[in-house]
Amino acid sequence: MNLNKKRRREFKTDYKKRLKLLKGNYLRFVVRKTNKYLILQIVDSIKAQDKILFSSTTKELLKSGWPEKKKSSLKSLSAAYLTGLLLGKKMIDLKKELILDSGLIPNTKASRVYSAVKGLVDSGIKIKHNEKIFPSEEQISGKYMKEDFSSEFKKIKEKIIKK
């Protein structure tokens, strides 16, 4: 019997990948991309039903000092890293190891997904990763943006770490 997989036709779910992740019995670090923001979540699956334990979006960076004039760059590498750091601070007492679930976002070296993973790792959370796929510090800090963003990046990072 072949099921009519509507979510696959709509490019929302890769069922083979999801089945592998569910069989792994790990908490999942889910990264989702919208038109304006990135959404980072820690998800636990019990009997194939997902329960969100912790969540953070790049929109929360506006409260942490992200400049209003840079509001359109809330999907950048810097924003992804800082949101990963923010999520890691929210769940600092979690002791379980995580596994990355990027959904249908392609796995590209030094992408936003891996910038978010680096933020989570830098906050002290255990997640399976490879250091080679992370973006460089210059890319994360915003030195390659149209306007140098590195000084503002450092201020926001310090504010998040102090929370």
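Every number here is computed from the coordinates shown, using simple stated rules; none is lab data. Nothing here was measured: the structure is a model prediction, and the numbers come from that model. Using ideal geometry, Cβ is built from the backbone for each residue, glycine included, and neighbour counts are taken over all protein chains shown.
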Net charge contributed by nearby residues that have their C-beta within less than 11 Å of Ala80 (K/R +1, D/E -1): +4
Pairs beyond 20 Å (Cα-Cα), from Lys96/Lys159; Lys70/Lys146; Lys96/Lys118; Lys90/Lys118: Lys96/Lys159
Under the Karplus relation with 6.51, -1.76 and 1.60 and θ = phi - 60°, whole-Hz ³J(HN,Hα) for segment 61-75, x at Gly and Pro, equal 5, 4, 6, 8, x, 5, x, 4, 6, 9, 4, 6, 9, 7, 10
Using the Kirkwood radius over C-alpha pairs as Rh, can you work out the diffusion coefficient of segment 14-162 via Stokes-Einstein at 10 °C, viscosity 1.306 mPa s, in µm² per second? 102
Could you check what % of the DSSP bridge pairs in segment 14-162 are antiparallel, to the nearest 5? 75
Over the chain, calculate the relative contact order: mean separation of alpha carbon pairs under 8 Å at least 6 apart, over the residue count, as a percent. 22
Rounded to one decimal in nm, the spacing of the 7 Å Cα→Cβ label points at Lys154 and Lys95 is 3.7
Calculate how steeply helix 150-162 sits against the longest principal axis of the alpha-carbon atoms of the chain, using the helix alpha-carbon long axis, and give the answer as 0 to 90 degrees to the nearest 10. 70
Give me a comma-separated list of calculated 3J(HN,Hα) values for segment 33-47, in order, Karplus coefficients 6.51, -1.76, 1.60 applied at θ = phi - 60°, integers in Hz, x for any Gly or Pro. 10, 10, 5, 10, 10, 10, 10, 10, 9, 9, 10, 10, 10, 10, 6
Sorted by chain and number, the residues with a modelled amide H under 5 Å from that of Leu100, at a separation of 5 or more or across chains, are Phe29, Lys128
Taking the chain as the reference, fit the longest principal axis to its C-alpha atoms, fit the long axis of helix 112-122 to the helix C-alpha atoms, and give the angle between the two in degrees, 0 to 90, nearest 10. 70
